[in-house]
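Asker: Okay, handing you the structure first.
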Amino acid sequence: IRDLLEKLAEGKNRHAAMIAKVCLATGARWSEAENLEARHIRNSQIQFAGTKSGKVRAIPIEPIFEQELRNHHDKAETGQRLFAYAYSAFRDAIERAGITLQDGQLTHVLRHTFASHFMMNGGNILVLQRSLGHANLTMTMRYAHLAPDHLQEVVKLNPLTALTVR
């Protein structure tokens, strides 16, 4: 992740790294992040309106990242949009970083990286579902096995454990 962000920062397109950061911080699809407008960032949240499902979803972000996004926005350059198009700059950075991806996974790898790290860091599968905007849990369950204590809550939360048996 660090290497990719460095390669993006070294590139000519100043927007590519910020779009990638939005994807990594929220699980957004590239197009959802790339099409953000200044009005979609407020109260330490990003509101995604142009989603695949057509539903609006709001994802919290760190206040310092919110400020970074505000500082990045240059109305003279992009109008209300936060970013200019940067897909090809992302592709170039992937190549420079020597990252090999399956066909069709170029920018989607950021979404998968978000979801995988979210679960490996102990995230809740239902929160992940809402963050990704999946209509049903089936799509999200592909990440469940990455939870470090996958199913270990069964030991702590079953009714027998709560009983004081003497």
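Asker: Once the Cα atoms of helix 87-97 and of the chain are each reduced to a long axis, what angle between those two axes, in degrees from 0 to 90 to the nearest 10, is obtained?
Answerer: 70
Asker: If you don't mind, there's one more thing I want to ask. Using every Cα-Cα pair within the stretch 92-166, state what percent have a distance larger than 22 Å.
Answerer: When all Cα pairs of the stretch 92-166 are counted, 43 percent exceed 22 Å.
Asker: Now for a different question. For the chain, what is the mean residue ellipticity at 222 nm derived from helices alone (per DSSP H run of n ≥ 4: -39500 (n - 2.57); sum divided by total residues; nearest 500 deg cm²/dmol)?
Answerer: Working: 11 runs with 84 residues, N = 166.
Rounded to the nearest 500, it is -13500 deg cm²/dmol.
Asker: What does the extension gain come out to for S31 and H112, with contour length at 0.36 nm per residue minus their alpha carbon separation?
Answerer: Details: separation 81, 0.36 × 81 = 29.16 nm, distance 1.48 nm.
So the chain would gain 27.7 nm between S31 and H112.
Asker: Now a separate question. So what J values fall out for the stretch 52-60 if you push phi through Karplus, 6.51 cos²θ - 1.76 cosθ + 1.60 with θ = phi - 60°, rounded to Hz, Gly and Pro as x?
Answerer: 4, 7, x, 9, 7, 9, 10, 10, x
Asker: Between I99 and Q80, how many nm apart are label points set 7 Å from Cα along the C-beta direction?
Answerer: 3.1
Asker: Here is a further query. Can you give me the distance in nm between label points at Q47 and M120, each placed 7 Å from the Cα along the Cα-to-Cβ direction?
Answerer: Result for the modelled spin labels: 3.4 nm.
Asker: Ordered by packing density, taken as the mean number of other Cβ atoms within 10 Å over each peptide's residues, highest first, how do 10-20, 80-90, 51-61, 25-35 rank?
Answerer: Numbers: 10-20: 20.1, 80-90: 18.5, 51-61: 13.5, 25-35: 21.8.
In descending order of packing, they fall as 25-35, 10-20, 80-90, 51-61.
Asker: Once you have the Cα-Cα distance between R39 and K12, take 0.36 nm times their residue separation minus that, and quote the gain in nm to one decimal.
Answerer: Details: separation 27, 0.36 × 27 = 9.72 nm, distance 2.60 nm.
Gain in length upon complete extension: 7.1 nm.
Asker: Residues with beta-carbon under 13 Å from that of I125, excluding I125: net charge, scoring Lys, Arg +1 and Asp, Glu -1?
Answerer: Numbers: positive: R130, R142; negative: D149, E153.
After counting each charged neighbour, the total is 0.
Asker: Between the stretch 90-113 and the stretch 119-153, what's the alpha-carbon centroid distance in Å?
Answerer: Rounded to whole Å, the Cα centres lie 23 Å apart.
Asker: Give the span of the stretch 9-117's Cα atoms along each principal axis, as three whole-Å numbers ordered largest to smallest.
Answerer: Projected onto the principal axes, the Cα atoms of the stretch 9-117 cover 37, 30, 25 Å.
Every number in this text was worked out from the coordinates using simple rules, so none of it is lab data. Predicted model only: the values in this text are computed from it and were never measured. Note: ideal-geometry Cβ built from the backbone for every residue, glycine included; neighbour counts use all protein chains shown.
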